[in-house]
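Peer 1: Here it is, the structure in full.
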Amino acid sequence: MGTIMSQFHSPMRSILFVCTGNIFRSLAAEQALKVLLGPQTSYLVGSAGIDAKPQPVHEWVRARLSMKGADPSGHVQRQVTREMLEASDLVIAMSRNHQAFIRERFGREVPLFNRVCFGCDEPIPDVHEVMPAWEEDLVLARAYILSVIDAIWEATPMIISRLPSFHREQ
């Protein structure tokens, strides 16, 4: 899989995915890109949350990521900081509230995941945004979470092909 990156010549070397708690969407995107790039990549790929409170990665998320070849066992939630943003060539938000948080708190415009992958400004909603009472229907909540991980995983290769469009604005 490292051959994908050897075909792409770019000075961009660090990518940060941002969601709310850093235990679902941004984690899935980070893990998908790391698996795609392979262990020999020179890219730094990370994730963080705008409200990363101490909580474990849900078993549904861990199991699905593991099934796809990722190893989320060492994941530690991180709160997004100015230093992280400044050290990242490309910051990708999973939803509009993440874009707004980064713009308002740090003065940086960042694209949505779906814009980077597909050129469309569509957010990837969290389970509680789609299902406010998700705890009442765990079967449907699990199906949604797994479908989001699958969609992120399938879309991630598009990041590689679209990177030239998203060079960091200084």
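The values are calculated or read from the model by the stated rules, or taken from the named source; none is laboratory data. Bear in mind that the values here come from a model prediction, so they are computed numbers and not experimental data. Note that each Cβ is placed from the backbone with ideal geometry, even for glycine, and that neighbours are counted across all protein chains shown. These area figures cover heavy atoms from the full protein model, side chains too; ligands, DNA and RNA do not enter into them. Shrake-Rupley method; radii C 1.70, N 1.55, O 1.52, S 1.80 Å.
Peer 1: When you scan segment 11-23, do you find a residue that is more than 20 Å from residue 103 (Cβ to Cβ), at pLDDT 95 or above and out of contact with any Leu (no Cβ under 6 Å at 6 or more places or on another chain), even just one?
Peer 2: The answer is yes, given that some residue of segment 11-23 is more than 20 Å from residue 103 (Cβ to Cβ), at pLDDT 95 or above and out of contact with any Leu (no Cβ under 6 Å at 6 or more places or on another chain).
Peer 1: So which residues in segment 54-69 are of a type outside the set (A, V, I, L, M), within 17 Å of residue 23 (Cβ to Cβ) and not in a helix (DSSP H, G or I)?
Peer 2: 54, 55, 56, 58, 68
Peer 1: Is it fair to say residue 36 is in contact (Cβ under 8 Å) with a residue 12 or more places away in the chain, touching a Pro at 6+ places or on another chain (Cβ under 9 Å) and open to solvent by less than 40 Å² (accessible area, probe 1.4 Å)?
Peer 2: Taking the combined requirement at face value, the residue satisfies it.
Peer 1: Collect the residues in segment 121-152 that are in contact with a Lys or Arg (Cβ under 6 Å, 6 or more places away or on another chain), of a type in the set (A, V, I, L, M) and either under 14 Å from residue 58 (Cα atoms) or open to solvent by 40 Å² or more (accessible area, probe 1.4 Å) (or both), keeping them in residue-number order.
Peer 2: Correct list: 146, 149.
Peer 1: Only one of 114, 22, 97 is over 14 Å from residue 149 (Cα atoms) and not charged (D, E, K, R); which?
Peer 2: The conditions single out 97.
Peer 1: Scanning segment 89-115 for residues that are surrounded by fewer than 18 Cβ atoms within 10 Å (Cβ to Cβ) and either modelled with pLDDT under 95 or among the small types (Gly, Ala, Ser) (or both), which turns out nearest to the chain's Cα centre (by Cα)?
Peer 2: 89
Peer 1: Let me ask you something else. So how many residues does segment 39-60 have that are basic (Lys, Arg) and either on the phi > 0 side of the Ramachandran plot or surrounded by 13 or more Cβ atoms within 10 Å (Cβ to Cβ) (or both)?
Peer 2: 0
Peer 1: Oh, and also: Going by the structure shown, is residue 106 without any contact (Cβ under 8 Å) to a residue 60 or more places away in the chain and aromatic (Phe, Trp, Tyr)?
Peer 2: When the stated conditions are applied, residue 106 passes them.
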